[in-house]
Amino acid sequence: MMSHESTDARAGDTLVTLEGITKSFGAVQSLRGVDLRLGAGEVLGLVGDNGAGKSTLMKVLAGAIRHDAGSITVGGRQVRFHSPADARSEHIGIVYQDLALCDTLDVASNLFLGREPRRGPFVDRGEMHRQAAEMLSTLHVRVRSTHQEIGELSGGQRQAVAIARAVSFQPKVLILDEPTAALAVAEVRQVLRMIREVAARGVGVILITHRLQDLFEVCDRITVMYEGRSVEDAAIADLDIETLVGMITRSNTTTEEAA
Ligand SMILES: Nc1ncnc2c1ncn2[C@@H]1O[C@H](COP(=O)(O)OP(=O)(O)O)[C@@H](O)[C@H]1O
Ligand SMILES: [Mg+2]
């Protein structure tokens, strides 16, 4: 049995397995049985129509929502998350759709919010900006200055800072919920490049996106959700856009279903 502390996971080693996850909010059954597997160094695209349950599922995996039934296995051990801190301690990081950055603080302060380097009782601002610049440069993120306020940045730069912050917690699993939804083309490229770089370090990345063309650029595999269920799991190399659209909308019945 492999220890979950193992840090030298080979590409493809299973990081996370979700089985039969269900979740209801009152009368609304958002998740009706979802299976998902993520390997080290893998980029998994999580796709499905609006309301399919993608964000809810990722909130379960990030410890923000408690599921009703089903199991979460991380590094070979079954876990139960009661809070986001529980998921973080299993090295699961998430960047939510609405980023949760603080607009009135500068780039460095956002990167270090709540864990600023200190000298005695004071925040060591020089050290914080030095480390912030280093964090951004290792991910090839360009901002004019780490002293810029987040509110002054472009959507792509804000997204990049939010991802850099999540990466700085050294996750083994990184969840990105619609990171490119509101971005210009060049900014999308930048975010996709970051995803590839993070995965190349061995991190398993789960990417939720409606931009199907992006999936073909960065993903190894996709899981398709439909009305609260996982309905397909396929290597991206075996798919084309048309097939993928068919899977998402369930407009093409598969041969098994037709039989
Ligand atoms: N906190 C909540 N309370 C009630 N219903 C919710 C809540 N969160 C999500 N839902 C419902 O669960 C379903 C799945 O939503 P969501 O996970 O956001 O889908 P997706 O991210 O795939 O668009 C939707 O019908 C949504 O309205
Ligand atoms: Mg969503």
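The values are calculated or read from the model by the stated rules, or taken from the named source; none is laboratory data. Everything numeric here is computed off the predicted structure, so don't read it as measured data. Backbone-built Cβ (ideal geometry, glycine too); neighbour counts: all protein chains shown.
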Q | Selection within the range 67-85 - in a strand (DSSP E or B) and surrounded by fewer than 21 Cβ atoms within 10 Å (Cβ to Cβ) | A | ALA69, GLY70, SER71, THR73, ARG77, GLN78, VAL79
Q) When the residues of the range 86-115 are filtered to those that are surrounded by fewer than 19 Cβ atoms within 10 Å (Cβ to Cβ) and of a type in the set (S, T, N, Q), which remaining residue is farthest from ligand 1 (Cβ to nearest atom)? A) THR104
**Q.** Positions within the range 211-240 being under 19 Å from LYS59 (Cβ atoms) and surrounded by fewer than 16 Cβ atoms within 10 Å (Cβ to Cβ), in sequence order
**A.** GLU227
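Of all residues in the range 137-158, which are among the basic types (Lys, Arg) and surrounded by 13 or more Cβ atoms within 10 Å (Cβ to Cβ)? I'd like the intermediate steps shown before the answer.
First pass over the range 137-158, keeping only residues among the basic types (Lys, Arg): 142, 144, 158.
Across the range 137-158, the qualifying residue is only ARG158.
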Q. Restricted to the range 40-66, and to residues that are within 19 Å of THR14 (Cβ to Cβ) and not in a helix (DSSP H, G or I), which residue is nearest to ligand 1 (Cβ to nearest atom)?
A. LEU46
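Assess whether ALA162 counts as being touching a Leu at 6+ places or on another chain (Cβ under 6 Å), among the hydrophobic types (A, V, I, L, M, F, W, C) and under 30 Å from MET225 (Cβ atoms).
When the stated conditions are applied, ALA162 passes them.
Restricting attention to the range 117-136, does a residue exist that is touching a residue at least 60 places away in the same chain (Cβ under 8 Å) and surrounded by fewer than 18 Cβ atoms within 10 Å (Cβ to Cβ)? Spell out the reasoning first.
Step one: of the range 117-136, the residues touching a residue at least 60 places away in the same chain (Cβ under 8 Å) are none.
The answer is no; no qualifying residue exists.
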(Q) Looking at (1) in a strand (DSSP E or B); (2) near ligand 1 (Cβ under 10 Å from one of its atoms), which one does ARG37 not meet, given that it meets all the others? (A) (2)
(Q) Cβ-Cβ under 9 Å, sequence separation 6+ or interchain: first residue in the range 213-237 and on the phi > 0 side of the Ramachandran plot, partner crowded, with 19+ Cβ neighbours inside 10 Å and assigned to a loop (DSSP other than H, G, I, E, B). Which pairs? (A) GLU227/GLY48; GLU227/ALA52; GLU227/GLY53; GLY228/ALA52; GLY228/GLY53
Q | Pick from the range 36-66, criterion touching a residue at least 60 places away in the same chain (Cβ under 8 Å) and away from ligand 2 (no atom under 16 Å from the Cβ), ranking: surrounded by the most Cβ atoms within 10 Å (Cβ to Cβ) | A | VAL43
Q) So which residues in the range 163-210 are within 16 Å of ligand 2 (Cβ to nearest atom) and either buried (at least 18 other Cβ atoms within 10 Å of the Cβ) or small (Gly, Ala, Ser) (or both)? A) ILE175, LEU176, ASP177, GLU178, PRO179, THR180, ALA181, ALA182, ILE206, LEU207, ILE208, THR209
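From the residues in the range 20-35 that are of a type in the set (A, V, I, L, M) and either modelled with pLDDT under 95 or farther than 15 Å from LYS59 by Cα (or both), which one is farthest from ligand 2 (Cβ to nearest atom)?
Initial filter on the range 20-35 (of a type in the set (A, V, I, L, M)): 21, 27-28, 31, 34.
Keeping just the survivors that are either modelled with pLDDT under 95 or farther than 15 Å from LYS59 by Cα (or both) gives 27-28.
On the way: ALA27: 20, VAL28: 14 Å.
For the range 20-35, the residue satisfying everything is ALA27.
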Q.
Please return the ranges of strands (runs of 3 or more DSSP E) entirely within the range 144-259 where 2 or more residues are under 13 Å from the mean Cα position of the chain (by Cα).
A. 173-177, 204-208
